[in-house]
Structure formats: C-alpha cells, structure tokens
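To start, the structure under review is shown below, and the notes come after it.
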Amino acid sequence: MSTTPPPTDLPNPNAIRDSKKAGWLPERAKPPVPPEDEAGTTLHLGAFTSTPALSISAAKILLNLMAAKRKKAGHKEVHTEITQKMLVYVDNFARFRVVQQVHLLETAFEVYPQLEQFEKGQLANLVPHDVEEAKMLIPSLVDKIGDEDLEELLNEIEVIRTGDT
C-alpha cells in the first residue's frame, strides 16, 4: 500500500501565517473608526443629527392609524411575533394616548427651536417631573434651555399628559 505525497502546488498555511508576522506581506488598511454616537452634554448623533425623532406615543398613534387604514381597505391584519411585541411595547410605554395630545405636545415644542428633535423625543418619552431630573436624563439640555423655561415646558407637558387643559 503506497501513500501519495501531498500536492506541492498548494501553499503552506504556516508559511503564509509566518510571512505576515515577518512583515513582508502588506496588511489591509483598517477602515477609519467612525465617531461614536453619543447623547451626552453635547449631542453626537452622526447621520441622525437632523432626523426627526418620533416619540413612542406618536409611533403608537401612527401604528393604530395604519392598522385602521389597512382594515378599512380590506387587508388582512398580519401580526408577526416582532410586530406583536412592538405593539405591546408602544401600548405600555406611550405617555400620550390620543392624537390631540401629540399635536399639543408638538405645538409646545415649537416655542423652543433651540431643542434638537432627539431632545424633544426624549422629553416626550421620559416625561421628567422636574428640571433636575430632565437635565440628568437628557444632559444636552443643560446649556440649551434655562431652568425657568424648562420648568415651564415640563409643566405644559404634564398638563397635556393629564388632560387638564
């Protein structure tokens, strides 16, 4: 019984690995590391800087309107596991339940053009109770809006949320 030697035209994997260590094979250039997106005292949102932010409440309303439109058009409701989880999530965490509240909230935010869309979305989602909590949860508010203005905005958000207009 004779054994055939391995083919000699195949590269030796050890030789290739060793040649990289020796430095004679050029390495691929590493892609530049993009700056990290960060929502700290200064917002670094990258490609999302000017993107409109949708609050959980607005998402809930849009999903309900889309479902009603599909139902009216005679389309069958299709709920995958992910869709069902999303609907449960927005139903649990939406702070503003009716369309009029979301419109009033957007109107309240128009008075503060210095706020980014992201900050407005965070205020609508988190609904902080006081200025200190708002600035702790959304650090970029510290240098953008005064305490009195923020207190007024938070009071208005609370009035809209509770429906005491």
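The values are calculated or read from the model by the stated rules, or taken from the named source; none is laboratory data. None of the values given here were measured: they were computed from a predicted structure. We place every Cβ from the backbone using ideal geometry, glycine too, and count neighbours over all the protein chains shown.
Check the range 99-111 and report whether any residue there is surrounded by 10 or more Cβ atoms within 10 Å (Cβ to Cβ), closer than 25 Å to LYS144 by Cα and under 17 Å from the mean Cα position of the chain (by Cα). Checked the range 99-111: no residue is surrounded by 10 or more Cβ atoms within 10 Å (Cβ to Cβ), closer than 25 Å to LYS144 by Cα and under 17 Å from the mean Cα position of the chain (by Cα).
The single condition among (1) surrounded by 16 or more Cβ atoms within 10 Å (Cβ to Cβ); (2) without any contact (Cβ under 8 Å) to a residue 60 or more places away in the chain; (3) polar (S, T, N, Q) that GLN117 does not meet is (2). Considering the range 84-97, the residues that are among the aliphatic types (A, V, I, L, M) and touching a residue at least 24 places away in the same chain (Cβ under 8 Å) include one that is surrounded by the fewest Cβ atoms within 10 Å (Cβ to Cβ), namely LEU87.
Of the residues making up the range 135-153, those that are among the hydrophobic types (A, V, I, L, M, F, W, C) and touching a helix residue (DSSP H, G or I) at 6+ places or on another chain (Cβ under 6 Å) are LEU137, ILE138, LEU141, VAL142, LEU150. Go through (1) closer than 30 Å to LYS144 by Cα; (2) touching a residue at least 24 places away in the same chain (Cβ under 8 Å); (3) over 15 Å from the mean Cα position of the chain (by Cα) and name the single condition ALA59 misses. Among (1) closer than 30 Å to LYS144 by Cα; (2) touching a residue at least 24 places away in the same chain (Cβ under 8 Å); (3) over 15 Å from the mean Cα position of the chain (by Cα), the lone unmet condition for ALA59 is (3).
Give me the residue from the range 25-61 that is assigned to a loop (DSSP other than H, G, I, E, B) and under 25 Å from ASP91 (Cβ atoms) and, out of that set, modelled with the lowest pLDDT. Among them, the one singled out is THR51.
When you go through LYS69, LYS144 one by one, which is the residue that is modelled with pLDDT under 95, closer than 25 Å to GLU38 by Cα, out of contact with any strand residue (DSSP E or B) (no Cβ under 9 Å at 6 or more places or on another chain) and not hydrophobic (A, V, I, L, M, F, W, C)?
Working: LYS69 fails: closer than 25 Å to GLU38 by Cα.
That would be LYS144, the only listed residue that is modelled with pLDDT under 95, closer than 25 Å to GLU38 by Cα, out of contact with any strand residue (DSSP E or B) (no Cβ under 9 Å at 6 or more places or on another chain) and not hydrophobic (A, V, I, L, M, F, W, C).
What do you reckon, is ARG95 in contact with a helix residue (DSSP H, G or I) (Cβ under 6 Å, 6 or more places away or on another chain), part of a loop (DSSP other than H, G, I, E, B) and among the basic types (Lys, Arg)?
Working: in contact with a helix residue (DSSP H, G or I) (Cβ under 6 Å, 6 or more places away or on another chain): yes; part of a loop (DSSP other than H, G, I, E, B): yes; among the basic types (Lys, Arg): yes.
Yes; evaluated as a whole, the condition is true for this residue.
Report whether or not GLU81 is surrounded by fewer than 17 Cβ atoms within 10 Å (Cβ to Cβ) and modelled with pLDDT of 95 or more. It is false that GLU81 is surrounded by fewer than 17 Cβ atoms within 10 Å (Cβ to Cβ) and modelled with pLDDT of 95 or more. Contact annotation: residue pairs with Cβ atoms under 7 Å, 6 or more positions apart or on different chains, pairing a residue in the range 142-158 that is closer than 22 Å to VAL102 by Cα with a partner that is in a loop (DSSP other than H, G, I, E, B) and among the acidic types (Asp, Glu), are LEU154/ASP130.
Scanning the range 128-165 for residues that are among the β-branched types (Val, Ile, Thr), surrounded by fewer than 18 Cβ atoms within 10 Å (Cβ to Cβ) and under 23 Å from the mean Cα position of the chain (by Cα) yields a single hit, VAL142. Screening ARG95 against (1) basic (Lys, Arg); (2) more than 15 Å from ALA58 (Cβ to Cβ); (3) touching a Lys or Arg at 6+ places or on another chain (Cβ under 7 Å) leaves a single unmet condition, (2).
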